[in-house]
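Here is the structure we will look at, set down as structure tokens.
The values are calculated or read from the model by the stated rules, or taken from the named source; none is laboratory data. Quantities reported herein were computed from a predicted structural model and do not represent experimental measurements. Note that we place each Cβ from the backbone using ideal geometry, even for glycine, and neighbour counts take in every protein chain shown. Just so you know, the surface numbers come from the protein's heavy atoms only, side chains and all, with ligands and any DNA or RNA stripped out. Shrake-Rupley method; radii C 1.70, N 1.55, O 1.52, S 1.80 Å.
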Amino acid sequence: MKWAVLGTGFIANKVINLGIRRAGHDIVAVGSRSIETAQAFADKNGIATAYGSYQEVLDDANVDATIATPSMFHEEWVIKAAKNVISDGEIGRVSSVHSHFSFLMAPPAYNGNVPTQIRINPATEPTGVLGDMAWYTVRFGLIAYGYNLPKSVSCTIVQKNQITGAAEHVIGHMLFSDNRVASFEASFTQVSVQTSSVTGDKGALSLKDTFLTTNVFPITKETALSYNAAAMDAFEISTKRGEWERREIDTGGVVSEEWMARHFAECVAGARDWEEWARETVVIHTVLDKLWESASADGKAVSIEMKCASGCSCCRVHENTIQALQLSIQSLQQQMLDEVNSYRKLLQMTPLTGVDSPFIAPSKTPIATSTTVCPSIDTAPPIPAILSRSSLESMPPEILDRIASFIIGPNILRLCHAVRYYKYISQAMFDFAHGLKGLEEPRILDVYFWPCIYLRLHQAMEPFERTPPIPISHLHVLQNLTNIVTRHGGHAMIDDLAGMDTILGALPDNLEVLITHAKPSAGMDDFFDAMYNTKKNIWELSFEDDYFERCKSDPASFDMTANWLVKLPIHKLKFLGYVSLPTEILDVLHLMPMLSSLQIPTLEDCDDAALTDCKSLEKLSISNVFDGEEGLEDLVEQLLDILKPTTIQEVAIYLPSIWQTFLRDDLRVLIAPLFLEHGWLEYPERIWSRYPSMHFICRRCK
């Protein structure tokens, strides 16, 4: 992506080198208020084009993204990461947030009464330190309270510049609902401090380097790209009087400026919701405006009225949210009504005309202000909610069945115990579990039988036993459970256990199948044939890594397996392991009309699989691509050349187990820019997790 930057100061230098360039992007233009300043900055930083105005940058058609006032991400991701590290309840209800950011500014030079330091020049920074360093401290408080707007704010200018009158030292408070407060201090006249704290009724959190952590000097393209950022960051937490515990966060060695560049690029590419950023920007600048109003009135508290006559941006956002929510509710009600009437038609019952009691009734619980920005949202119409347990009992069976379809395994027995109607579900699960050997009831019921019947039963058998643990006399019980699970949209997960082909007729139509080493390859033909004759829909078919090794003893098994791959309706196909696939298998992948997801062992398999002809394939996973840092560019180029003419939209690459967590992140940082250059954007599964994913996942940009 091609970037431009507005401004030529220290922050601009940090952002382009530590952020944009480390994220793998190009800087193609810079703009300043004078062409001389812009040209000097461009020459120093290797930027091709310099402009003497900001408008010229915005008019440059060669620029994909422009960044002006940077926002550092460090304090935000520290809080988010800390939430993943701190167990629930350790801090309790947060009621106080404080942050302090200062540095001792060198005495500025003056041209008459005009300082060369723009921070204390009212013409360039009218609010002085409030609009500069206090921006970070105010934002920290807003982040801690979820970007909810405070009810009132106050700000006092402690010290002004004697010549220009610019604010050099300020303190302030933000009062939120429910007696919550955020205080801050920012100064150009104190030693370097960047501390923050979050305090609740059970504990406290302390950060010592909240805002700026990168230690690179001087900052140039070379020093930024070669900088090895710390893989860990730390904070302190106290839950006992006088005792503090240090805890660490895995940052992956990515500096905050680089996170900012990545996220902004994702917004431009359409992979991240930019409206969230826009809303946060409106909130923080609304607060800063009110703080300056207070500072100009000698610290008098200023209320923040959210409902202005013209409708401020923040209120419009929430009005739109309420309208969208109401439309969603209406749509859901209509879908439920249509579905109920379809059942009633089958039962020759009179159709209903509306979704009234006993289906849905208005909630009496007001919307909590802690989850909103606008206090005015409290006056919004109540949101409909499902009625209590007693009301559930009075609902028609078709509605109760629909509700059960959305319940996950760990909760289904609770629902069965709470509502008598659902006893038919728990009874079917108990009846079936009672006839299985090697499985304990009822521990396995919720996980193994809802909403998927889990029949990978090798672990439940005695060693080398080949008789299926489901006797023929028990099949009617399995059929009963199958009917119930199918009615609620469930499926079954099975393996190729000997005798499994004899019970396929009693299983749901949709299957996930694991092919293991439990049976000689010669017996697989019967298993595949049984799935075909019972017209099963194979949602996912997986082969364990030694399956094809066993097939070598019977070469005809390769052709047999390939023929069944073409005949069976398979949606997802996985070859587990790291050994290349036989030619017989690779040659038929493009003949599988329903194949949407494919996992293969090696990059060489991609080259030989004719992926261009797999017209329905959307997702590709590869188990073995990178062995180390050597040859990364060549491997990525090879893969991208293969992907370019295909319909594949997402690629997942396993990062080898020899890479520990921080080394995996190093590898991820190295290959992400290579993919981005060709229009593939990294899509992390768990950005803030303490244990990052072992896969590198990227998606084709829109």
Just checking, does the stretch 184-191 include any residue being under 36 Å from the mean Cα position of the chain (by Cα) and among the β-branched types (Val, Ile, Thr)? no
Check whether at least one residue in the stretch 490-505 is modelled with pLDDT under 75 and surrounded by 19 or more Cβ atoms within 10 Å (Cβ to Cβ), and report yes or no. yes
Which condition does Asp554 not pass, out of (1) assigned to a loop (DSSP other than H, G, I, E, B); (2) more than 25 Å from Pro451 (Cβ to Cβ); (3) of a type outside the set (Gly, Ala, Ser); (4) touching a residue at least 40 places away in the same chain (Cβ under 8 Å), if it passes all the others? (4)
Can you tell me how many residues in the stretch 648-670 are in contact with a Leu (Cβ under 6 Å, 6 or more places away or on another chain) and modelled with pLDDT of 85 or more? 2
Condition first: aliphatic (A, V, I, L, M) and either open to solvent by less than 30 Å² (accessible area, probe 1.4 Å) or assigned to a loop (DSSP other than H, G, I, E, B) (or both). Can you find one or more residues in the stretch 537-546 that meet it? yes
Taking the stretch 6-40 and the residues there that are touching a helix residue (DSSP H, G or I) at 6+ places or on another chain (Cβ under 6 Å) and either in a strand (DSSP E or B) or free of Cβ contacts under 8 Å to residues at least 24 places away in the same chain (or both), the one that is most open to solvent (accessible area, probe 1.4 Å) would be Leu6
How about the stretch 566-588: which of its residues are open to solvent by less than 30 Å² (accessible area, probe 1.4 Å) and either without any contact (Cβ under 8 Å) to a residue 12 or more places away in the chain or within 15 Å of Ile622 (Cα to Cα) (or both)? Leu573, Phe575, Gly577, Leu581, Leu586
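Conditions tested, residue by residue: (1) surrounded by 21 or more Cβ atoms within 10 Å (Cβ to Cβ); (2) without any contact (Cβ under 8 Å) to a residue 24 or more places away in the chain.
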| position | (1), (2) |
| --- | --- |
| Pro593 | no, yes |
| Ser597 | no, no |
| Ile600 | yes, no |
| Leu611 | yes, no |
Which listed residue, of Asn563, Asn480, Asn510, is over 25 Å from Ser616 (Cβ atoms), open to solvent by 40 Å² or more (accessible area, probe 1.4 Å) and at pLDDT 85 or above: Asn480
When the residues of the stretch 577-635 are narrowed to those that are in a loop (DSSP other than H, G, I, E, B) and small (Gly, Ala, Ser), which ends up modelled with the highest pLDDT? Ser596
Subset of the stretch 41-52 (residues that are open to solvent by less than 40 Å² (accessible area, probe 1.4 Å) and of a type in the set (S, T, N, Q)): Asn45
